[in-house]
Amino acid sequence: MLGEGIIKGMAETARNFLGSYVSDDRLTTVQYPEERTPQFENARQFPFLVFDGSDPLKGLRCVACQICEKECPPKCIYIVKSKDKRPDYKGQMQLYPVTFDIDLSVCMSCQICVEVCPFESIKMDTAYELSTSDRFGGLLVSKPQLAKPNDHYRKIHPTDAALSDAALAAEVAKAQAKARADAEAKAKVAAEAKAKAAAPNPVAPVVAIA
């Protein structure tokens with residue numbers, strides 16, 4: 001029937017309006033900013049960078065691979081790679097971002113940067129009170145502003161954070177197992193070489209010539 005959706009919408013509005021006089025559950029608004037509705041776990045606003053530990057410089061997961069910068073549809077991510085390397089969460093030497101900026105005035109919150117990141121380093125925040133009088137400079141956020149601890153990620157997205165932590169833990173365990181296997185192999189080769197060097201040289205038999 002033509003207009004059936006409009007009629008259903010108006011009926012739902014009327015039901016909530018009349019019901020709000022007898023039940024608080026029918027109240028569809030809150031007295032913001034004094035009251036705030038809780039955020040849903042899958043809510044998202046703008047990206048942030050995850051770091052482990054207490055030092056955002058040493059614990060930043062980002063290795064400046066620039067995949068997010070290349071895949072970003074509105075091109076609002078700007079990364080400058082470092083010239084040196086430092087250990088990552090697996091103990092492997094990696095590059096890191098000297099500069100990591102995101103222009104929130106351009107960001108469309110599509111989450112593609114999160115989907116393509118292979119290091120679980122960029123995630124979507126839920127903060128929404130970001131208004132500023134500086135339209136351009138105030139919405140250009142840099143690495144110190146973007147870096148937030150893994151505990152923050154666990155708080156706003158507990159389910160996804162648990163999966164991320166499990167994936168990283170599996171990678172760390174795999175790297176440690178490989179390192180142990182390599183160390184054992186090297187020790188075995190060294191022991192064999194040492195044993196071979198310590199073994200007496202065989203004496204060649206003397207053949208009598210008639």
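Observations on the model:
- Those residues of segment 41-65 which are loosely packed, with under 15 Cβ neighbours inside 10 Å and not basic (Lys, Arg), in sequence order: Glu41, Asn42, Ala43, Gly53, Ser54, Asp55, Leu57
- Evaluation of Leu130 against (1) modelled with pLDDT of 90 or more; (2) closer than 25 Å to Arg36 by Cα (one fails), failing number: (1)
- Residue, surrounded by the fewest Cβ atoms within 10 Å (Cβ to Cβ), within segment 84-129, restricted to residues that are in contact with a helix residue (DSSP H, G or I) (Cβ under 8 Å, 6 or more places away or on another chain) and farther than 27 Å from Ala162 by Cβ: Thr99
- From Ala161, Ala167, residue being among the hydrophobic types (A, V, I, L, M, F, W, C) and under 18 Å from Phe48 (Cβ atoms): Ala161
- Pairs with Cβ under 9 Å, 6+ apart, first in segment 2-15 and modelled with pLDDT of 90 or more, second surrounded by 10 or more Cβ atoms within 10 Å (Cβ to Cβ) and outside any helix (DSSP H, G or I): none
- Given (1) among the aliphatic types (A, V, I, L, M); (2) out of contact with any helix residue (DSSP H, G or I) (no Cβ under 7 Å at 6 or more places or on another chain); (3) closer than 23 Å to Lys148 by Cα, number of the condition Ile67 does not satisfy: (2)
- Annotation note: of Leu163, Leu168, the sole residue that is within 20 Å of Lys58 (Cα to Cα) and either small (Gly, Ala, Ser) or assigned to a helix (DSSP H, G or I) (or both) is Leu168.
- Qualifying residue in segment 6-16 (condition: loosely packed, with under 15 Cβ neighbours inside 10 Å, in a loop (DSSP other than H, G, I, E, B) and either out of contact with any Lys or Arg (no Cβ under 8 Å at 6 or more places or on another chain) or not aliphatic (A, V, I, L, M) (or both)): no
- Selected residue (only one of Ala181, Ala175, Ala195, Ala187 is touching a residue at least 12 places away in the same chain (Cβ under 8 Å), in a helix (DSSP H, G or I) and over 30 Å from Asn42 (Cα atoms)): Ala175
- Evaluation of Glu69 against (1) surrounded by 15 or more Cβ atoms within 10 Å (Cβ to Cβ); (2) more than 29 Å from Pro38 (Cβ to Cβ); (3) in contact (Cβ under 8 Å) with a residue 12 or more places away in the chain (one fails), failing number: (3)
- Leading residue by the ranking (modelled with the highest pLDDT) among those in segment 143-189 that are under 25 Å from Ile79 (Cβ atoms) and hydroxyl-bearing (Ser, Thr, Tyr): Tyr153
- Total residues in segment 159-174 satisfying the condition of being surrounded by 11 or more Cβ atoms within 10 Å (Cβ to Cβ) and farther than 20 Å from Asp88 by Cβ: the figure is 2.
The values are calculated or read from the model by the stated rules, or taken from the named source; none is laboratory data. Remember, predicted model here, so these are calculated numbers, not experimental data. Heads up, the Cβs are rebuilt from the backbone with ideal geometry, glycines too, and the neighbour counts pull from every protein chain shown.
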